[in-house]
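Take a look at the structure below.
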Amino acid sequence: MRTVSHQGRETAYEHHDRGGDGEPLLCVHGSGGSHAVWKSQARLADERPVVAVDLSGHGESDDVDAEAGFGALSAYADDVIAVAEETGARVLVGSSLGGAVALHIALYRAFEPDGLVLAGTGARLAVLDDLLAWLAEDFDRAVEFLHEPGHLFYDADDRLVELSREAMYDCGRAVVERDFRTCHAFDVRDELDAVELPCLAVVGEHDRLTPPRYHEYLHEELPDCGLATVEDAAHLAMLERPGGFNGAVSAFLDGLDADQ
């Protein structure tokens, strides 16, 4: 793991470079996650450098004093931009909350990515009232709910499910609740036409947290957005079916490289 200093805190990231000369990409995890959710995307480093960040309060990164909503989203965007500038990454791959961070950067920041991969995410990320209540009052119940079939995973290996559980408990209740409440406040449906860079929406076939219709909406409303479905996967398709996920991302990145 490496770190970069910015805004008075240290943000950690993992960097894979096996000599590929393609466009570097920066992977941004979702609520209660860490860089480890992208472990299977390290395979793409044969083609291009792959970077995976720990957002503030996650994994090995310092936390930040930010309220849920726009404040937290802005702080997470600062983390991503700091790592992108440190590593030269110009393509953002965001999962769930990470997709919201990527769209926030594309809409509101001076940093201009060359492309976005929006995985398991949407232009609006409303969270069930019951889940928000459990996050505040019964964290164990919230974690259990998220790991029921069809939510984070469809039919994953037990080791992957345990990896996800451990990441949430390592973050702690307060950070995970902040993440989900930040998602709940996120809504850029009226602003998508301003995102003019190439995008790809990627969805797990069985994702019930951010279902296919969310990604179809991105495909239809963003000016330049492809659509890919990963079969036999739910929300964390990059972990559950990395072959299908990586294939979709690689094809998108090859298109970006060809256009440059």
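Computed from the coordinates by the stated procedures, all read-outs in this text should not be read as laboratory data. Source: prediction; values computed, not measured. Methodologically, a virtual Cβ is constructed for each residue, glycine included, from the backbone with ideal geometry; neighbour enumeration extends over all protein chains shown.
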**OP:** Using only C-alpha atoms and all pairs of different ones, pull out the Kirkwood radius for region 107-201 in Å with one decimal.
**Re:** 15.3 Å
Original post:
With +1 on each Lys and Arg Cβ and -1 on each Asp and Glu Cβ, how big is the dipole of the chain about its Cα centre, in debye rounded to the nearest 20?
Top reply: 120 debye
Original post:
Toward the positive end of the charge dipole of the chain, about the Cα centre and with charges on Cβ (Lys, Arg +1; Asp, Glu -1), which of SER40, ALA89, LEU222 goes farthest?
Top reply: SER40
Original post:
One-quarter of the Cα convex hull surface for the chain, in nm²?
Top reply: 11.9 nm²
**OP:** With a bin width of 10 angstrom, please list the P(r) values of region 193-260 as percents of all Cα-Cα pairs, from the 0 bin to the one holding the largest distance.
**Re:** 23, 47, 28, 2
Original post:
By residue number, which cysteines of the chain lack any other Cys whose Cβ falls under 4.7 Å from their Cβ?
Top reply: CYS27, CYS171, CYS183
Original post:
Extension gain ARG208-GLU144, at 0.36 nm per residue separation less the Cα-Cα distance, in nm?
Top reply: 21.5 nm
Subject >> Dipole axis of the chain (+1 Lys, Arg; -1 Asp, Glu on Cβ), positive-most option in HIS235, LEU128, VAL176 >> reply: VAL176
Subject >> Rg in Å to one decimal, and Dmax rounded to a whole Å, for region 1-68 via C-alpha atoms >> reply: 12.7, 40
